[in-house]
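Accompanying notes for the structure given below.
The values are calculated or read from the model by the stated rules, or taken from the named source; none is laboratory data. In this text, all values refer to a predicted model and were calculated from it rather than measured experimentally. FYI the Cβ positions are ideal-geometry reconstructions off the backbone, even for glycines, and counts take in every protein chain you see.
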Amino acid sequence: MYKTLKSGLMVVVMMLAVTLLAACSPKTEPSAEPAAASSGGDAEQSLTNVKIQLKWVPQAQFAGIYAAKEQGFFEDEGIDAEIIPGGPDIVIEQQVVNGAADVGITGVDSLLVSRDNGLPLVSLAQISQKSSYRLIAKKSAGITDPAQMKGKKVSTWFGSQQFQVLAFMEKNGLDPKKDIELVKQGFTMDQFFNDQVDVATATIYNEYHVVLESGVQESDLDVFNIEEAGVGMLEDTLIAKKDWVDSNRDLAVKVTRAILKGWNYAIDNQAETVDIVMSNVTDGSTTREHQVTMLEEIAKLIRPEGFTEQQVGSFVDESFARTADIALNYGLIKKAANLDEALEKSIYEEAVK
Amino acid sequence: MSEGVVVNRKRDENGTAALPGSASLSGSAVAASVPGSEVQGQAEQGQLVGTARKKWLILRLLPWLAGICFLALWQLRLFHQLFSLESYQLPVPSAIAASIRDNAEMLFRYALYSGTEMLGGFLLGSLLGALAAAGASFFPTSGKAGIAVMSALNAVPIVALAPIMNNWFGDGIWSRIAVVAVITMAAMAVSLFKGLTSIQPQYGELLDGLAASRMQAFLKLRLPHAMPSLFAGLKINMSTSIIGAIVGEFFIASQGLGYLLSDQIRLANMPLAWACIVIAAALGIVLYEAVVLAEKRIIPWNRVRTNA
């Protein structure tokens, strides 16, 4: 009996060892090597594979990137763009830092706190220039003034995203820890619909229209604009790992250029771009109408009134300073952010030359 | 078993069922199977007890030594070298300890919260499962089918269950208790049902011969015999209830270890995330050992003997 036990044990140990060795392959290097040309003799330029990690699921929020791919802007720069959708369990910063993606779209708040915790990430371009957050309440809750939120249940997304809301509360004389009951908001607006919360957070390009599309009239809602209150934080930004940028400066510039070109195209050709987006969304996850409004609204955030085409993607110092201040004041980050290091302005500047 | 004497196992503290009918056979066998060691021990008592004691001490300390060794290797960044990791991907034990110290109050509060979910769901689910199994044991054939249907619940993954329970019970503590209750209910039902129905037929026949009612047979025969299965089910449930509570909190929760864990991973605050893992593991071990202790007290005759 012991003989078979011994040999059986040996087999198991060997299997485990093999599995362990296979799994523990060295950290994958970011794919900066050019893809091999299919036939040896032709003079066609080989495309460099670049993985772009989206902040969320495919939707018009990322229309510029999809448009850039469809219109060949990436190809023009010699890039074979691979767009990786995000989702509930995907942390963009982790994907970029461990090489699963070369660049990613994430929020500036998230970038700052990741940098605060040691992740070597930098921003290549600032996509969204204004905060998209609105606080909405049903008229039946009777909250016509922010001060009336006292004692009410307010839901917002946690992690790194609640800080604009905290700043908004303080701006209106409420102590976010004592005067309101802050609860975690999920990915749906169910809590708002079911009256589980009095006030919910909604982005102007997505959740706000989800609410309207469910049959609630605009006249039934009280809406509070966080950007107009002067406490908006910057959102979508293009990030990459510092090492990758340093060793692939040309590639970083090309990717940035292609994406910003894609966004300008998307903003100027919205109907066509929505078609492009719809061909990339998960079946049944959204409607064309929703994507049309999403693109309309996000276009206003990416190229606001008064911005030229060249200014899309630019770093507005005042907005960054405000974002970093709110992050520090409310404890999102423990040390003041070093914006000179966080923002790779040179990449953007070269991209729009 | 020519005399067919029913043994009252509860009275027997030794763990070996002494059957009067075959005492003459087994008794000598038992005496023979304990080799000269006992006799030897008596003779060289002082010396043997000394080395035996030392051996026992070393064996008890070995797991602790291994643990300390593991922690030391981790602190010295062996795993970082092995898997080419950075500090921000895998924090060292000192960073985790510092994080526990800095956030002790919050971690304690959240541990209580998650612990309540674990225990609440565990007790509720185990009770419901036990009742289901007990009820099913009265009707063996249809009961078996019913239990099979219930065990289908086992196959529902927690990640699917959590959002559904959130929808039913809102985002408070009850949704997680519900998640844990559902996953523990099926496991307990299956385990206990097996225990209740795996009785040697001779016992059943005896009680039938004595005109015992179904309830009497249940209380005096099935239930005592099923106690080991009950505790086996409880031990399994304790492990799964920890997973259920923590994973349940990943979805919609505003407090608890699972909530903190998922939040801190997003913020790349790895030391605190790992602190949550450590606290959750410790909580799990403590609760599991509590069940094991309860088992030792309640059914001491079922102690599994090993050659340690």
Problem - Qualifying positions in the range A:148-175 - assigned to a loop (DSSP other than H, G, I, E, B), crowded, with 18+ Cβ neighbours inside 10 Å and more than 13 Å from chain B (Cβ to nearest Cβ) - result: A:Leu174
Problem - Filter pass, B:Phe139 being among the aromatic types (Phe, Trp, Tyr), exposed (fewer than 15 other Cβ atoms within 10 Å of the Cβ) and more than 12 Å from chain A (Cβ to nearest Cβ) - result: yes
Practice task
Considering every residue within the range B:79-93, establish whether at least one is more than 14 Å from chain A (Cβ to nearest Cβ) and without any contact (Cβ under 8 Å) to a residue 60 or more places away in the chain.
Solution key: yes
Exercise for the section: Would you check if there is a residue in the range B:174-194 being surrounded by fewer than 21 Cβ atoms within 10 Å (Cβ to Cβ) and within 14 Å of chain A (Cβ to nearest Cβ)? Expected result: yes
Fill in the blank from the handout: Flagged in the range A:114-137 as of a type in the set (A, V, I, L, M), away from chain B (no Cβ under 14 Å) and not in a loop (DSSP other than H, G, I, E, B), in numbering order, are A:Val122, A:Leu124, A:Ala125, A:Leu135, A:Ile136, A:Ala137
Problem - Residue check, A:Val108 within 13 Å of chain B (Cβ to nearest Cβ) and either closer than 22 Å to A:Val253 by Cβ or of a type outside the set (Gly, Ala, Ser) (or both) - result: no
Fill in the blank from the handout: Checked the range A:247-277 for anything more than 18 Å from the chain's Cα centre (by Cα) and hydroxyl-bearing (Ser, Thr, Tyr); matches are A:Ser247, A:Tyr265, A:Thr273
Handout entry: Breaking point among (1) farther than 21 Å from A:Gly262 by Cβ; (2) at pLDDT 95 or above, for A:Lys335
Key = (2)
Fill in the blank from the handout: Across (1) in the same structural domain as A:Gln148 (by TED's automatic domain parsing); (2) crowded, with 21+ Cβ neighbours inside 10 Å; (3) assigned to a helix (DSSP H, G or I), A:Ala202 clears everything bar (3)
Practice task
Report yes if some residue within the range B:194-209 is part of a helix (DSSP H, G or I), in the same structural domain as B:Tyr288 (by TED's automatic domain parsing) and among the β-branched types (Val, Ile, Thr); otherwise report no.
Solution key: yes
Handout entry: For B:Ala148: the one exception among (1) more than 14 Å from chain A (Cβ to nearest Cβ); (2) touching a residue at least 60 places away in the same chain (Cβ under 8 Å)
Key = (2)
Problem - Test for A:Ile143: is it under 28 Å from A:Lys345 (Cβ atoms), part of a loop (DSSP other than H, G, I, E, B) and either away from chain B (no Cβ under 14 Å) or not basic (Lys, Arg) (or both) - result: no
Practice task
Would you confirm whether any residue within the range B:111-128 is away from every other protein chain (no Cβ under 14 Å) and over 25 Å from the mean Cα position of the chain (by Cα)?
Solution key: no
Fill in the blank from the handout: Expected output for the range A:199-218 (first residue within 14 Å of A:Thr293 (Cβ to Cβ), partner in a loop (DSSP other than H, G, I, E, B) and among the aliphatic types (A, V, I, L, M), Cβ below 9 Å, 6+ apart or cross-chain) is A:Ala202/A:Met189; A:Glu207/A:Met189; A:Val210/A:Met189; A:Val211/A:Met189; A:Ser214/A:Met189
Fill in the blank from the handout: A careful count of residues in the range B:149-165 that are surrounded by 12 or more Cβ atoms within 10 Å (Cβ to Cβ) and either assigned to a helix (DSSP H, G or I) or in contact with a Gly (Cβ under 9 Å, 6 or more places away or on another chain) (or both) gives 11
Handout entry: Qualifying residues in the range A:91-104 (those that are surrounded by fewer than 24 Cβ atoms within 10 Å (Cβ to Cβ) and more than 10 Å from every other protein chain (Cβ to nearest Cβ)) - the one farthest from A:Asp250 (Cα to Cα)
Key = A:Gln95
Exercise for the section: Scan the range A:232-260 for residues that are assigned to a loop (DSSP other than H, G, I, E, B) and either without any contact (Cβ under 8 Å) to a residue 40 or more places away in the chain or surrounded by 23 or more Cβ atoms within 10 Å (Cβ to Cβ) (or both) and jot them down. Expected result: A:Met233, A:Leu234, A:Glu235
Exercise for the section: For the range A:220-227, indicate whether the set of residues that are away from chain B (no Cβ under 13 Å), in contact with a strand residue (DSSP E or B) (Cβ under 6 Å, 6 or more places away or on another chain) and more than 26 Å from A:Lys300 (Cα to Cα) is non-empty. Expected result: no
Problem - Scan of the range B:246-257 for residues that are part of a loop (DSSP other than H, G, I, E, B) and either more than 7 Å from chain A (Cβ to nearest Cβ) or over 14 Å from A:Gly186 (Cα atoms) (or both), ordered by number - result: B:Gln255, B:Gly256
Handout entry: Restricting the range A:177-219 to residues that are among the aromatic types (Phe, Trp, Tyr) and touching a strand residue (DSSP E or B) at 6+ places or on another chain (Cβ under 7 Å), the residue that is farthest from the other protein chains (Cβ to nearest Cβ)
Key = A:Tyr208
Exercise for the section: Assess whether B:Leu112 counts as being out of contact with any helix residue (DSSP H, G or I) (no Cβ under 8 Å at 6 or more places or on another chain), assigned to a helix (DSSP H, G or I) and within 30 Å of A:Met189 (Cα to Cα). Expected result: yes
Exercise for the section: Only one of these is in a helix (DSSP H, G or I), closer than 27 Å to B:Ala130 by Cβ and either over 19 Å from the mean Cα position of the chain (by Cα) or within 14 Å of chain A (Cβ to nearest Cβ) (or both): B:Leu234, B:Leu272, B:Leu260, B:Leu223. Name it. Expected result: B:Leu223
Exercise for the section: Could you list, in sequence order, all residues of the range A:7-59 that are of a type in the set (Lys, Arg) and at pLDDT below 80? Expected result: A:Lys27
Fill in the blank from the handout: If we keep only residues of the range B:97-110 that are within 14 Å of chain A (Cβ to nearest Cβ) and not acidic (Asp, Glu), then the residue farthest from B:Met188 (Cα to Cα) is B:Ala98
